[in-house]
Structures are given as structure tokens and as C-alpha cells.
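Heads up, the thing below is written out as C-alpha cells.
The values are calculated or read from the model by the stated rules, or taken from the named source; none is laboratory data. Model, not experiment: these values are computed from the prediction. Here Cβ is always computed from backbone atoms with ideal geometry, including for glycine, and neighbour counts include all displayed protein chains. All accessible areas refer to the heavy atoms of the entire protein, side chains included, with ligands and DNA or RNA removed. Shrake-Rupley method; radii C 1.70, N 1.55, O 1.52, S 1.80 Å.
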Amino acid sequence: IEYIHQQSLKASEGMSAFDQSFYDKSSCFGICNEKGISIRTTNVRQLPSLVDGLTTADRQKIQEIESLASQALNGLTFEERQEQQDILHGVEAKIAEEAGFIEASLQELDDHLRTTKTSSIVYEMARGMDPGYVSARAFRVMFLRGTRYDAEAAAEQMLKFFEMKHQLFGRKKLVKDITLDDLDEDDIACLKSGWIQLAGKDRSGRQIILNLPGLRDDQSTLQNELRMRYYIWMCALESEETQMNGTIPIVYTVGGMKDRFGGSGYYENAKCSTVVPNHMAALHICTDEISEHLRHYSIITAASKKLRTRCRFHYGSQTECLYHMSTYGIPPSFLPVDSSNKTQISIQSHLKWVESRFKMERNESPLSSAIAVLTKQLITPTENDVLIIGGNRSNNEGNKRFRALVKDLSKAYKTGSKESRKDLVDRVMHSVDESGGRFLKQHIDDCRDRVWRELPKDQIRKTVAQAFRNSYRRK
């Protein structure tokens, strides 16, 4: 999909706001104004307060979009429509997870994976690296819960999940749970910006995932955003209650929370959220400008048809949007407002959550710490590794390939911008990772023995950047 036509709204007089949108094909459902009136069920001419200032082309486009929205419902039976409404309001019947039912579902999932796995090289790669990780019961049940025990859909989602994880974190981290130590400093900065955060639960016990586009970090790349989003979603899914009850993503662009980047990357972020094994019970989008709604249509294009029927757009001030949300069982406390200024967003609670994750993930018992040290001491270099031995030059095959790649790209690095240099560093790191290599450095342990340790990502980045500088300086 070609999704970005421009980075900011065009200011040409008389131009349709819909011509300024980021997607050619869009879908929506249930846009409401400050009085709760739905464009979907009301003639546009009856909503002057909402559409004042829109051109004739805008009004026609609204009707076209509403026609597309109705397609999400037309394919459903009456019973299916009622089911979607029950899910939206958190009153759907709970699935009884009896032992026999779960085992039968797992067997059905396994059958589907056996027939479709050949379509995913990455899934086969993960299975070959660690069959126990891929076939773990708890891991597979998470996908079944996310698709409401639709085994075929769960199998398809598993394949997409590994494809995405490989793209975001590389081969080496394909069969491990991602922790904060797997994120680089730019990923962490993006995480701390607070533009995506866990924001409590609704009255049905469903986890709220709050998106505040106005807090997007202008130093973050799309890759940083996707890696951060993956991490937060998987943190939420550590809870079995969240796996079973589902999640409620909320996109909030009221007041100062409007996106400064014109909706760039919305589709990829939305797609990432649909690939992780979660059940999105509903999707709410709040704003105080109709033009913001048009940008958010890209989010809906990434959603399944059934999820589109559970999407609600809310139009109005902060107070009005919070009221609308409360009618769906979402407490006003989901929005982290500053205690001294209710119109300002605070990220203090989110930063405390990030800090608690650091402490939790690194709080190892003495025994597990000792085992970790022993494991690190047992690292044996392979021919694919890049070995760092003080100022000495290693002739390991991995080092030779590393130096050759740096030499080939050194001219581009020397003349490139800060952003392009970062991309070149990432390219080299990805190349080493894809070849099965690691960046290993020799250390002296407490027993005065020489041992190999794997460098953390921030140090790898510095090592590669220094290699580039050394390369073009020699020329």
C-alpha cells in the first residue's frame, strides 16, 4: 500500500480535506460528534456543526467512506452482528477453557501449522533453532486465545508473528522473549516518550493500550517505534487475564496530542498491533478535529473486517470524549492527566512502569546470576563471529566479512547525514546477525582466565561506527 502522500496537510484553498489523507482506500465505523450523532446513520446535511468548512468533495467522500464502512457489516449474519456488539461492550460469553477443549484446539493448530508452515521460511528457521520455544504449550495457547480458538487463524497469525519478529529483532532473537536489554538506546528513548503505554483496564477487565501520537519522539525511526510497540504489547500479554479478556487500544489526538508527523507510520504501527497474539475487543479513536479522523482511517485498513465493526470514532473536547468512552465501560482515569492541570498529559506513571520493568527483568537470584555468568564464560567463537581483541586484528572469517562490508560502505558513511549513517550501522549489524554471527569481546574473569562475552547492542553500534571512521581515515 502506498500510504503516505505527503508529510503535512496541504493548505491550498478549497482543497478537500479527504484529498489530504494518507490512504487511498479507507474504512471507518460510527464517527460521533460532540452530541454523539453518528455520521454512519445520519445524513451529512443534518450535521452542519461537524462538517462546516468541508468542501462538496469532502461531503461526497464522507458518504463514500460510510459506504465502505457498511461493507464490514454486510457480510455478517444477524447473530454475528450481535456477537460483535457484545464484544464491543464487554458482555460476550466467556470461552470455557476445559482441558479436553484446549488439547483438541492445540492439535488442530498443529495440523494447520504442518500444512501451512512451508509458506514461511522464518517459521521453519525458528523451529529449527529451538523447537521447544516454538511448540511450547503456553506460547501456542496465547495465539489460540488471541483468535478466540480459531485454530486456522491462530496458525496464520503465528507465521506472521515470527516474520515480524525476525524483521524487528533479527535471527538471533527469534526464539527468545524480548526484554529491555534487547532494545537499543533509541528504542528505550522511544519507549520513555510515553506515546504508547498501558493505561489500566475497563470495567470488563480488558487491558487498555493508550496511544498518544502527540508524544511521538522526533528522533525515533519507524523501526524504533515498532520494536517499542512490540515490547509493550508482549508485556501486556504476560497476563493470562489479558490474553483471555482481550485489549482495548485507544488512539487519543485531542488538543496537544495531535500527531506532528502527519500520520506517517500509522499503518505499520497498526499492523504490528494486529500481528501480536492478542484479542482486540474494540478500538476507540478520539479527536477534536475531523481532519484527524481522516488520518486515522489508515489504522482501520490494517484491521480485520470484524474489528472494523468494533471501531468507534469520538469527536469533541477532552471532557466530551471521556464521557463518550465511559458509555463503553472505559473509566476517565485511563487518560493520565497532570494533577495540577487536567488538560495536560503526564507520563510520570509510565516512566515508573518502565523503571519497574528494568528492576523486574534484572532482579535475578544469586543462583540464576551464577548460572548466567557460567553461561557467558562458555561462549565459544564461531567462524561467523566478529572478534574484538583489544587493538589486535583478527583474521576470523566473520571479521574479514565485517571489514569488507565496512570498506564498501565507508564512502557513503563519510558523506552521509546523521540519519543515513545510523542506517548504515544498522545494515552492518543486521548483516552480521543474519550470517549467524555475534560481536564478541575478550575479557579477563575473576580467575584471570580469558573469556568471550557478547557485546550489548549500544556497544556494538559504537564499535561499528568507529570501524567506519577508521576505514575512511585510512584512505
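Structural remarks
- Residues in the range 261-273 include at least one that is more than 22 Å from Thr327 (Cβ to Cβ), among the acidic types (Asp, Glu), open to solvent by 20 Å² or more (accessible area, probe 1.4 Å) and modelled with pLDDT of 85 or more.
- Only one of Phe261, Phe313 that is among the hydrophobic types (A, V, I, L, M, F, W, C) and in a loop (DSSP other than H, G, I, E, B): Phe261
- Here Glu397 clears all of (1) closer than 30 Å to Leu335 by Cβ; (2) at pLDDT 90 or above except the condition numbered (1).
Table: residues versus (1) touching a Gly at 6+ places or on another chain (Cβ under 6 Å); (2) under 26 Å from Arg81 (Cα atoms); (3) modelled with pLDDT of 85 or more.
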site: Phe313; (1), (2), (3): no, yes, no
site: Gln318; (1), (2), (3): no, no, yes
site: His324; (1), (2), (3): no, yes, yes
site: Thr327; (1), (2), (3): no, yes, yes
site: Pro336; (1), (2), (3): no, no, yes
site: Ser339; (1), (2), (3): no, no, no
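- Among the residues making up the range 295-329, those that are over 29 Å from Lys94 (Cβ atoms), open to solvent by 10 Å² or more (accessible area, probe 1.4 Å) and touching an Asp or Glu at 6+ places or on another chain (Cβ under 9 Å) are Arg295, Tyr315, Ser317, Gln318, Glu320.
- Residue within the range 153-164 that is open to solvent by 40 Å² or more (accessible area, probe 1.4 Å) and closer than 24 Å to Met429 by Cα present: yes
- Inside the range 236-250, residues that are open to solvent by 40 Å² or more (accessible area, probe 1.4 Å) and assigned to a helix (DSSP H, G or I) make up a count of 3.
- Residue satisfying condition, being closer than 28 Å to Thr118 by Cβ and of a type outside the set (Gly, Ala, Ser), within set Leu222, Leu159, Leu212, Leu183: Leu159
- Residue in the range 274-284 that is in contact with a Cys (Cβ under 7 Å, 6 or more places away or on another chain) and surrounded by 19 or more Cβ atoms within 10 Å (Cβ to Cβ) present: yes
- Candidate set: the range 294-310, residues that are polar (S, T, N, Q) and in a helix (DSSP H, G or I); chosen: the one nearest to Asn278 (Cα to Cα): Thr301
- Of all residues making up the range 194-223, the number that are closer than 21 Å to Lys457 by Cα and either crowded, with 22+ Cβ neighbours inside 10 Å or among the charged types (D, E, K, R) (or both): 1
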